[in-house]
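Reading through the structure tokens given below for one structure.
What follows is calculated from the coordinates using simple rules that are stated; it is not laboratory data. This one's a predicted model, so the numbers in the text were calculated from it and none came from an experiment. We place every Cβ from the backbone using ideal geometry, glycine too, and count neighbours over all the protein chains shown.
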Amino acid sequence: MTNLLLAGALALTAAPATAIPKGFLLWEKAAATKDDNPETNWSVNRRTGARLTVNPCDKAALASAGRVAARTIVYTSVPDFQKSEQVILFSSADLATQAMAGLRAALRTCATIKSDGPDYRYSGRKAALGDDGLAVTGQSYDGRRAAIGGERAIVARRGNALVLYSQAGEWGKPAAADFAAQTKDAKKILGKICSIASC
């Protein structure tokens with residue numbers, strides 16, 4: 001009988017969460033605070049099917065398979081700054097791994113986006129975060145020179161969870177220091193993600 005109870009308890013603890021508790025994300029308190037500034041805005045999206053915030057090819061289906069929960073917070077400041085926080089739970093670690101693979105494939109497929117003005121280029125490099133981490137750079141280029149405008153993002157997987165922190169704005173030439181704030185936030189959320197993820 002004791003063995004059956006123990007096995008049942010282990011099965012319950014092994015089951016992945018299917019919801020993200022209110023207040024779990026780092027920016028939820030700030031997003032819930034009344035803001036009378038017409039030039040700034042917070043939005044909170046609780047839809048499981050929310051578009052991945054780091055999305056080189058801008059495809060709604062990217063990293064969508066097997067999601068069981070998601071929460072996305074976006075802060076916008078006029079005229080040209082935006083940052084986002086996103087946490088996604090998948091039904092298994094394998095599906096979260098597939099989501100990371102899909103993002104890497106998108107970085108290759110849409111490495112350069114041509115336009116009448118500057119081209120926009122994406123690149124990614126490994127980041128030592130979670131079970132699998134990725135630092136993503138999006139940047140406008142005029143020929144070989146970095147133009148004004150880009151994004152810097154950290155994406156990390158731990159178990160069946162994906163966490164994403166991104167900033168977009170008037171970035172110039174890419175530098176390692178561009179990822180400091182995103183990396184700091186990713187480390188914080190990864191430090192507690194196993195309370196809702198299967199790690």
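Listed values, structure above:
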{"item": "Check: segment 104-173 dipole with +1 on Lys, Arg Cβ and -1 on Asp, Glu Cβ, in debye", "result": "280"}
{"item": "Over 18 Å [Cα-Cα, segment 62-123], rounded percent", "result": "57"}
{"item": "Compactness of the chain as Cα Rg over 2.2 N^0.38 Å, two decimals", "result": "1.11"}
{"item": "Qualifying trypsin sites (Lys or Arg not before Pro) for segment 102-199 [loop in DSSP, other Cβ within 10 Å: at most 11]", "result": "LYS114, ARG144, LYS192"}
{"item": "Of the GluC sites (Glu not before Pro) in segment 17-120, those whose Cβ has at most 10 other Cβ within 10 Å and which sit in DSSP loop", "result": "GLU39"}
{"item": "Derived scalar couplings ³J(HN,Hα) [segment 105-113; Karplus, 6.51 cos²θ - 1.76 cosθ + 1.60; whole Hz; x for Gly, Pro]", "result": "5, 5, 4, 6, 4, 10, 4, 9, 10"}
{"item": "On Cα atoms only, tilt of 180-190 relative to the major axis of the chain in degrees", "result": "10"}
{"item": "Charge sum, other residues only, whose C-beta stays under 9 Å from ALA70's C-beta, Lys/Arg counted +1 and Asp/Glu -1", "result": "+4"}
{"item": "Those Cys residues of the chain for which no other cysteine Cβ falls under 4.7 Å", "result": "none"}
{"item": "Coordinate range along principal axes, alpha carbons of segment 127-181, Å, largest first", "result": "40, 17, 17"}
{"item": "Mean separation of Cα contacts under 8 Å, 6 or more apart, over the residue count of the chain: relative contact order %", "result": "19"}
{"item": "Loop-resident sites, segment 138-199, for chymotrypsin sites (Phe, Trp or Tyr not before Pro), counting at most 16 other Cβ within 10 Å (DSSP)", "result": "none"}
{"item": "Cross-link reach list, lysines versus LYS184, counting only Cα pairs under 17 Å and skipping chain neighbours closer than eight places", "result": "LYS83, LYS126, LYS192"}
{"item": "Principal-axis tilt of helix 2-14 within the chain, Cα atoms, nearest 10 degrees", "result": "10"}
{"item": "Derived scalar couplings ³J(HN,Hα) [segment 119-136; Karplus, 6.51 cos²θ - 1.76 cosθ + 1.60; whole Hz; x for Gly, Pro]", "result": "6, 10, 10, 10, 8, x, 9, 5, 10, 7, 9, x, 7, 7, x, 9, 9, 10"}
{"item": "Near-label residues of segment 108-152 by backbone N, under 12 Å of a point 7 Å along Cα→Cβ of ALA181", "result": "152"}
